[in-house]
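**Q** Please read through the structure below; I'll follow up with questions.
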Amino acid sequence: MNTKIERAPLAQIKREAKPKTATLWRRMLRSWQLYVLLLPLILYFIIFQYAPMYGLQIAFKDFRAVDGIWGSPWVGFEHFERFFQSYQFWNTLKNTLLINLYELVFAFPIAIIFALMLNQVTRLRFKKWAQTITYAPHFISTVVLVGMMFIFLNPRTGMINNMIAFFGGDRINFFGEADWFKPIYVISEIWQTTGWSAIIYLAALTAVDPQLHEAAIMDGANKLQRVRHIDVPTIMPVIMILLILRMGHFASLGFSKVLLMQNSLNIDSSEVIQTYVYKTGLVGAQYSYSAAIGLFDNIINLILLLATNQLAKKMKQQTLF
């Protein structure tokens with residue numbers, strides 16, 4: 001009797017001591033179809049995201065194609081120091097951060113406001129029409145978009161300058177004055193991305209319980225109060241996640257649009273880190289120097305991502321990790 005009592009716990013301990021790896025593999029085998037579907041995504045990240053990180057070491061070397069990455073001499077932080085001491089450093093950093101700051105202040109909230117307004121529309125036909133009109137600019141290519149901007153803002157024949165002249169104003173060479181570059185860029189981004197960015201907020205708003213609105217109406221709350229106290233708290237986790245992700249590439253811009261809008265007259269206001277990397281790396285063949293600048297840019301993004309995530313955690317909001 002005593003022997004049986006002593007053996008029972010031992011058997012239980014052995015069962016608990018079995019490695020969990022076998023159980024994990026069994027679960028994976030049972031759902032192998034899902035992992036096959038996941039395989040292309042894993043391969044994409046390995047091939048195009050992680051494998052290229054091997055080449056980051058050229059930022060610390062004087063890379064020469066004939067010597068290869070391993071054969072090139074090690075120079076440490078020489079390329080970083082060169083960039084920090086360059087006359088382009090503060091100008092490119094300032095332009096990059098300012099454009100992103102303007103987008104964060106104006107473009108990011110507008111998508112939220114638009115989604116909240118569209119969610120209050122009760123006429124289904126008008127709602128579909130508004131969605132179609134605002135989503136369409138997202139599908140316009142960058143080249144076509146910049147071409148449209150050149151046509152609309154042409155100082156002689158452009159629609160905007162014709163309107164300015166009609167009301168007695170002086171025609172403006174928008175692409176020829178450096179001060180106009182940032183406003184034009186941000187306004188075009190708002191026009192092109194607001195409708196598409198609002199989709200995820202509209203999807204989050206579908207999770208709002210209609211009974212909450214019914215109860216608020218019974219208590220005498222108007223639309224603005226219901227939006228403030230019901231809709232906004234519901235989508236706040238989504239807002240925080242998107243804000244953190246936005247801060248993760250705060251110091252980066254899609255260089256194609258900037259490069260297409262750029263010319264010798266507005267270069268002081270339009271030169272950003274990405275266009276500078278393109279010109280020094282691909283055009284100037286200074287691969288190590290451009291790799292160092294790109295690495296510096298990514299380090300800034302990583303710091304901002306971690307800081308924003310930590311701030312959200314302290315505010316007891318939704319975080320990435």
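Please treat every number below as a calculation from the coordinates, not as lab data. All of these numbers come straight from a predicted model, not from anything done at the bench. Using ideal geometry, Cβ is built from the backbone for each residue, glycine included, and neighbour counts are taken over all protein chains shown.
**Q** Between residue 113 and residue 177, what FRET efficiency comes out of the Förster formula 1/(1 + (r/R0)^6) with R0 = 22 Å and r the beta carbon distance, rounded to 0.05? List each step's numbers first, then the result.
**A** Numbers: r = 30 Å, r/R0 = 1.36.
Approximately 0.15, to the nearest 0.05.
**Q** Once you charge only the Cβ atoms, +1 for Lys and Arg and -1 for Asp and Glu, what is the size of the charge dipole of the chain about its Cα centre, to the nearest 20 debye?
**A** On the way: 29 positive and 18 negative charges, 342 e Å.
Rounded to the nearest 20 debye, it is 1640 debye.
**Q** Nothing charged except the Cβ atoms of Lys and Arg (+1) and of Asp and Glu (-1): what's the magnitude of the dipole of region 171-321 about its Cα centre? Round to the nearest 20 debye. Don't jump to the answer; show the numbers that get you there.
**A** On the way: 11 positive and 10 negative charges, 42 e Å.
Magnitude of the dipole: close to 200 debye.
**Q** From the phi angles alone, apply the Karplus equation (6.51, -1.76, 1.60; θ = phi - 60°) to region 41-58 and give each ³J(HN,Hα) in whole Hz, x where the residue is Gly or Pro.
**A** 5, 4, 5, 4, 5, 5, 6, 9, 10, 8, 4, x, 5, 4, x, 4, 5, 5
**Q** Ok, one more. Please state the shape class of region 181-321: rounded when a/c is under 1.5, otherwise prolate if a/b exceeds b/c and oblate if not, all from the C-alpha gyration tensor.
**A** Working: a/c = 3.88, a/b = 2.09, b/c = 1.85.
It is prolate, given that a/c is not under 1.5 and a/b is the larger ratio.
**Q** Which distance in Å, rounded to a whole number, links the C-alpha centroids of region 266-280 and region 48-98?
**A** A separation of 16 Å, based on Cα centres.
**Q** List every residue whose amide H lies under 5 Å from the amide H of residue 72, counting only residues 5 or more places away in sequence or on a different chain, with H placed 1.01 Å from N in the peptide plane.
**A** Long-range HN contacts for residue 72: 64.
**Q** Check which residues have an amide H placed less than 5 Å from residue 61's amide H, if you skip close sequence neighbours.
**A** Amide H neighbours of residue 61: 75.
**Q** Could I get the Rg over Rh figure for region 78-314? Both from C-alpha atoms, Rh via Kirkwood, rounded to two places. Mind showing how you got there, number by number?
**A** Details: Rg = 21.5 Å, Rh = 20.5 Å.
Ratio value, two decimals: 1.05.
**Q** Which one, 272, 238, 59, is farthest towards the positive end of the dipole of the chain when Lys and Arg carry +1 and Asp and Glu -1 on their Cβ?
**A** In the chain, that residue is 238.
**Q** So what is the relative contact order for the chain, in percent, with contacts set as C-alpha pairs under 8 Å and at least six apart?
**A** Values: 287 pairs, mean separation 74.1, N = 321.
Here the relative contact order equals 23 percent.
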